[in-house]
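The values are calculated or read from the model by the stated rules, or taken from the named source; none is laboratory data. On a predicted model such as this, the values are computed, not experimentally measured, just so you know. Reconstructed Cβ throughout: ideal geometry from the backbone, glycine too, with neighbour counts over all protein chains shown. Calculation scope for accessible area: heavy atoms of the full protein, side chains included, ligands and nucleic acids excluded. Shrake-Rupley method; radii C 1.70, N 1.55, O 1.52, S 1.80 Å.
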Amino acid sequence: MGELEDAVMTRVWKWNRPVTVREVLEDLQQERSIAYTTVMTVLDNLHQKGWVRREAEGRAYRYEAVSTRAAYAAALMNDAWSQSDNPAAALVAFFGMMSDEQRTALRDAVRMVQGPEETEHTDTRPDTSPENPGSAPEADGR
C-alpha cells in the first residue's frame, strides 16, 4: 500500500463507517493539497485491490473497509516473514527491534492465542515479577 493509499485507508479505518470521496477529500485537504479525482482514483484502486467495498449512493459511492488495520498489519508481517529464507532468524531480529511495550503486547497476544491451559503447561520461565525477583515459583513453595 502506497503512502496516499495508507492516508486514505487510515481515515476509512478510523471512521469505521461507509465514507464518500468528498469526506475523505475534505479531511485530507487539511494536511495537503489534493484533487477530488485523485482521492476518487485512490479509493477505486483500493476497491480493485480488495481493501474496500463500495455501494452506490446516487451518482457516487460509499466505501467501507473490508478488514481492520490490525488485519492489514498482520498480513504485512506474514508476507515479510514468509519471504525470509530463515524465518527463525527473521523473528529473532524482529523481536530485537521491539520496545518493552511491544514485547509485553506480544506476550499478551501469545497468551490469548494459546489460551490459559496451554500457557500454564508451556511457560516454564522463572517468576521474575517485582514481588519475587529472580526466583522460580517452585523455589518458594508457590
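List of remarks:
- For trypsin sites (Lys or Arg not before Pro), the sites in segment 31-124 that DSSP calls loop and that have at most 10 other Cβ atoms within 10 Å are 32, 59.
- Amide H contacts under 5 Å for residue 61, placed H, 5+ residues apart: 21
- With DNA, RNA and ligands ignored, accessible area of residue 97 (1.4 Å probe; Å², nearest 10): 150
- Summing +1 for each Lys or Arg and -1 for each Asp or Glu among the other residues whose beta-carbon sits under 15 angstrom from that of residue 4 gives -3.
- Charge sum, other residues only, whose C-beta stays under 13 Å from residue 60's C-beta, Lys/Arg counted +1 and Asp/Glu -1: 0
- At a probe radius of 1.4 angstrom, the accessible area of segment 1-70 per residue rounds to 62 square angstrom.
- Taking a Cβ cut-off of under 12 Å around residue 69, the surrounding Lys, Arg, Asp and Glu residues balance to a net charge of +1, with basic ones at +1 and acidic ones at -1.
- Difference of contour (0.36 nm per residue) and Cα-Cα distance, residue 22 to residue 84: 18.2 nm
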